[in-house]
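For reference, the structure is listed below as structure tokens.
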There are 2 protein chains.
Amino acid sequence: MNKTEKRVKELRDILDKLSNFNYTTSLIHWDLETGAPKEGIQKAATVLGFYSELTYNLLTDEKLIEHIDFLGKNLEELTEIDRKLVIETKKDIDRIKRIPVSEYKEYNELLSKSQAVWGEARAENDYEKFKPYLQKIVDYNKKYAEYKGYSGNPYNALIDDFEPGMTVKQLDIFFEGLRKELVPFIEKISNSKVEISNELLKKSYSVEKQKELSIFIAEYLGFDFDRGILKESLHPFTMGLNKHDVRITTHYHENFLQSALFGTIHEAGHAIYEQNIGDNIWKTVLGGGNSMGIHESQSRFYENLITRTKEFWKPIYSKLVDYFPENLKDTSLDEFYNAINMVEKSLIRIEADELTYSLHIMIRYEIEKGLINGEISLDDLPSIWNKKMKDYLGIMPKTDSEGVLQDVHWAAGLFGYFPSYALGSANASQIMNSLEKVLDVKKTLENQELDKIKGFLEEKIHKYGRLKDPNEIMLIATGEEPNSKYYTNYLIKKYSKIYNIE
Amino acid sequence: MNKTEKRVKELRDILDKLSNFNYTTSLIHWDLETGAPKEGIQKAATVLGFYSELTYNLLTDEKLIEHIDFLGKNLEELTEIDRKLVIETKKDIDRIKRIPVSEYKEYNELLSKSQAVWGEARAENDYEKFKPYLQKIVDYNKKYAEYKGYSGNPYNALIDDFEPGMTVKQLDIFFEGLRKELVPFIEKISNSKVEISNELLKKSYSVEKQKELSIFIAEYLGFDFDRGILKESLHPFTMGLNKHDVRITTHYHENFLQSALFGTIHEAGHAIYEQNIGDNIWKTVLGGGNSMGIHESQSRFYENLITRTKEFWKPIYSKLVDYFPENLKDTSLDEFYNAINMVEKSLIRIEADELTYSLHIMIRYEIEKGLINGEISLDDLPSIWNKKMKDYLGIMPKTDSEGVLQDVHWAAGLFGYFPSYALGSANASQIMNSLEKVLDVKKTLENQELDKIKGFLEEKIHKYGRLKDPNEIMLIATGEEPNSKYYTNYLIKKYSKIYNIE
């Protein structure tokens, strides 16, 4: 074993430890969200703090830094995987090493508590209960941006964690593009004479039957239940422990079929990604999904481009009716298709339709930018939220629970994450455009050959995990850098047809 | 801070780390038994091995051993809690330090796999599938006995882990006592003219309703759902992470009400114990249940001495009928009482009645002794099991699933554990005898004052956790050392009445 090989081995041993700690904290979070008793948080918070300290210590250990310095100067001697391990670990080290350990530990303990408090605050419609926690989280993220460093806007430091290299400047252009294309288009739809209702989705749908349907649909799309489970939580999410253990949740509403159904599909999209990481990297820290913009492209791809089509439902629509014969027996596939594609200016992001969705993201993007730059204070947050809803969507939340308290993200410390939802939708359209060049997608769906679609995504995207950069992935999958034109084109084409717009 | 105080602080810091690792491995086991996807074991086994190595390293660290040596010589300077921490940690160190780390780690990885294999082998009635895993577990336990050291029988080394100080010699006497009193008594019952049937418990009982009933009963007994949860697993168990997070499982059989109902009650008994550990010790490694014989006394206490009485059911029997009106509306409380106390020579330990139960334990005790002493080979194990069943209970399993594969214990490496079930039952009777001196138990049950009973147990037993030795606990609770006379007296008195034996 030469010097480089020895360093690589030692680096990999350290990264294996990190991977074990990551597994542990993910499992504790999963447990807190899906099973743990209320008071269990007392010890869980301590344990999470403990592991964040161990992780911090590992990442700031001089031995590791020496390995990374040495190997960073000898990248050409390494395999592609080891090279990427060195580069990504260096980023992790740079991200963390300037944060004092006590602050880092305290913050992680705070996050485990704040999510429970957010859950209560949302249930009780009590923004004030959550505010002191949110204040601490915002303060930490401002400090974190300073520790990490940035050029231009401090918010860039946070965006970069989820979308490497992305900046406020680029996002301002991105959202401006969407606004210019979509806002007038949504206005046209408001004035359309075509009236679409989704009342049929709001009948009473047995939660037990919805659970069966969720399992059926997840499996039909390609989710492997030997390597994953589906449970319930307040807010749907995916927890990929590794490719052999990918967990998703959904949330059932008896009086809104769409919510759990498309929630499950969305998370299944994330999960199918994680279940199909390459066997060459699954045990390493590269063995998870790529940037959030790539991850979200997979969930949106299934949620919108696959399952909000007539062709997807055509072969299984009668099966859907069989789950809920009393509700659906007199509903045609065309009516169902229109109902799941109804455009409506609504309050809750995760229940928003495909077209207005990015406006919800735009609001969060602007607020986050303002909070991190100190332009928005938490005292004003609910009213600013409500005003933006009014300005962009023309509607006002009646309570904070259906307003500023609706998402878990801020309680979980996820600042800089929201923009990726919109980027992901744009990427999904670009990927679909590319898939259509090699496959008759409509026919494939009618023939129930979902495996072919999964195979394409696995080959072009999934198998790489974090081995490539997001831009490289998009180049491999589509031959182009990410851009928003496929997204706006797709939306305008699809909804012009549904709403009969010239 | 003087030298001793400094040592104590450092010792406590190390024990906190151990406590965090224990929390982690317990949670992973909980997850594997109750939620994880099948393939999740791939990574989970690695992670468990990793933590067993970290635990090993902590317990064999020279610094810790120095602290323990120093403090062990200055016990009189310490508080009662710190004194006990030192004594118990010394035992843990002695137990582990002679085992080579690689063997220890390998064994823990083996255990996480073997439990999954056991589950499959039981489902498929395939002893041969489980045998190679069991062989490795037995081999390890034999080696472990040698590493740990023992006087007399090697099996003593294993018993001592669950019942400190207990020996084969004492257990031979204990079981001989039970055999002498109970075998002829059970014979009398077989010849009794009183015919009792439990057919009414074998009607179709909706699993959904059974789940509701389980929650109701656990809560009624005093299980706190803010600090615990109830789920399903193949085999009921309790996982006490700490007093604020105590988890129990049960297993529902549609056609046997008794199984899940008394399974829940049994585990609730364990859980109420763990939920009522003193606040002064809950964060330390003393903050769990005492020896298995004490722990099992609490579960058996609730399962048999509290809930297999007429007085317990009297105030809530109509509620029970309301859960299953079609099955129970024509059944009187007397008939129900007889049904849940029917004596029957049966195959499955966890479904055995109170009276024949200890014979099931005796079989396991004799087999474990034989395996560890090399007198029984695994090739012969199923036939030896079956022969003992025939000899003691007069019945033969038709399959290994209802024979030697029925319990998870050996797959989990728990050799030396079974005897505590019988000791626990004996302790429970002794504790009840003591409770009856200060409380009219029958009246208390009729008045639905379960809190009074829980209060007695908390005050005399629960609050001490591991702060006292098992013998001390029994002295505090009953004024006597543990003995079997209250147990046999109680059984003979109770069942003589039911079966009209002179």
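In this structure, B:ASN2 and B:ASN280 have a Cβ-Cβ separation that, at R0 = 25 Å, corresponds to a calculated FRET efficiency of about 0.65. Measuring nothing but how far apart in sequence close Cα pairs (under 8 Å, 6+ apart) lie, relative to its length, region A:3-149 scores a relative contact order of 28 percent.
For region B:127-240, what is the relative contact order in percent, using Cα pairs closer than 8 Å and at least 6 residues apart in sequence?
Here the relative contact order equals 9 percent.
Shape summary of region B:168-498, radius of gyration then Dmax from alpha carbon positions: 19.3, 55 Å. Seen against the Cα atoms of chain B and their longest principal axis, helix B:381-393 is set at about 40 degrees. Sparse packing (at most 13 other Cβ atoms within 10 Å of the Cβ) combined with a DSSP loop state is found for none of the GluC sites (Glu not before Pro) in region A:1-105. Cα centroids of region A:235-253 and region A:439-474: 20 Å apart. For region B:382-468, the direction-averaged projected area of the alpha-carbon convex hull comes to 8.9 nm². Stokes-Einstein diffusion for region A:207-272 at 20 °C, viscosity 1.002 mPa s, with a Kirkwood radius from C-alpha pairs, works out to 187 µm²/s. For the pair A and B, the buried accessible area comes to roughly 2800 Å² in total, with a 1.4 Å probe and the value rounded to the nearest 100.
Ligands, DNA and RNA left out, the 1.4 Å accessible surface of chain B is 48% carbon and sulfur atoms. Against chain A, whose longest principal axis comes from its Cα atoms, helix A:127-148 is set at around 50 degrees. Using a cutoff of 8 angstrom between alpha carbon atoms and counting only pairs six or more residues apart, the relative contact order for chain A works out to 19 percent. Each residue of region B:346-502 gets 162 Å³ once the volume of the Cα convex hull is shared out per residue. Going by Cα centres, region A:360-383 and region B:170-203 are how many Å apart? That distance is 73 Å.
When region A:3-149 is described by a simple charge dipole with +1 on each Lys and Arg Cβ and -1 on each Asp and Glu Cβ, the residue from A:HIS29, A:PRO132, A:GLY40 located farthest towards its positive end is A:PRO132. Counting, for every residue in A:354-365, the Cβ atoms of other protein chains within 10 Å of its Cβ and taking the mean gives 0.
Out of the GluC sites (Glu not before Pro) in region A:193-224, which ones are loop residues according to DSSP with at most 11 other C-beta atoms within 10 Å? Passing both the DSSP loop test and the Cβ count: A:GLU195. The C-alpha atoms of chain B define a longest principal axis, and helix B:450-460 lies at about 30 degrees to it.
Interface residues of region B:1-34, defined as those losing at least 40 Å² of solvent-accessible heavy-atom surface relative to the isolated chain (probe radius 1.4 Å), are listed as B:ASN20, B:TYR23, B:LEU27, B:ASP31. The Kirkwood radius of region A:138-275, taken over pairs of alpha-carbon atoms, gives through the Stokes-Einstein law at 4 °C and 1.567 mPa s a diffusion coefficient of 70 µm² s⁻¹.
In nm, what is the difference between 0.36 nm times the number of residues separating A:ILE65 and A:GLU53 and their Cα-Cα distance?
Working: separation 12, 0.36 × 12 = 4.32 nm, distance 1.71 nm.
That works out to 2.6 nm of additional length.
For region A:96-155, the dipole from Cβ point charges (+1 on Lys and Arg, -1 on Asp and Glu) about the Cα centre works out to 320 debye, to the nearest 20. Considering every alpha-carbon pair of region B:3-149, the percent of pairs per 10 Å bin, from zero through the bin containing the longest distance, is 10, 33, 30, 18, 7, 2. Loop-located trypsin sites (Lys or Arg not before Pro) in region A:354-400 (DSSP state not H, G, I, E or B) with no more than 13 neighbouring Cβ atoms inside 10 Å: A:LYS398. The eigenvalues of the Cα gyration tensor, multiplied by 5 and square-rooted, give region A:58-112 an equivalent ellipsoid with semi-axes of 27, 12, 7 Å from largest to smallest.
Which one of B:THR264, B:VAL246, B:LEU234 is farthest out on the positive end of the charge dipole of region B:223-264, using unit charges on Cβ (Lys, Arg +1; Asp, Glu -1) and the Cα centre as origin? Value computed over the given set: B:VAL246. Basic side chains Lys and Arg get +1 at the Cβ, acidic Asp and Glu get -1 at the Cβ, and with that the dipole of region A:3-149 about its Cα centre reaches some 240 debye.
Fraction of C-alpha pairs exceeding 41 angstrom in the protein assembly as shown: 47 percent, rounded to a whole number.
Nearest 0.05, what FRET efficiency do A:GLN448 and A:GLU335 give at R0 = 22 Å with Cβ-Cβ as r?
Plugging the Cβ-Cβ distance into 1/(1 + (r/R0)^6) gives 0.50.
Charge dipole (Cα centre; +1 on Lys/Arg Cβ, -1 on Asp/Glu Cβ; no other charges) of region B:168-498 amounts to roughly 500 debye. Between the C-alpha center of region A:276-298 and that of region B:41-118 there is a gap of 36 Å.
The mean accessible area for residues of region A:187-245, using a 1.4 Å probe and ignoring ligands and nucleic acids, is 47 Å² per residue.
The values are calculated or read from the model by the stated rules, or taken from the named source; none is laboratory data. Quick caveat: nothing in here was measured; it's all calculated off a predicted structure. Cβ atoms come from the backbone with ideal geometry, glycine included; neighbour counts cover every protein chain shown. Please note that ligands, DNA and RNA were not included when accessible areas were found on the heavy atoms of the full protein model with its side chains. Shrake-Rupley method; radii C 1.70, N 1.55, O 1.52, S 1.80 Å.
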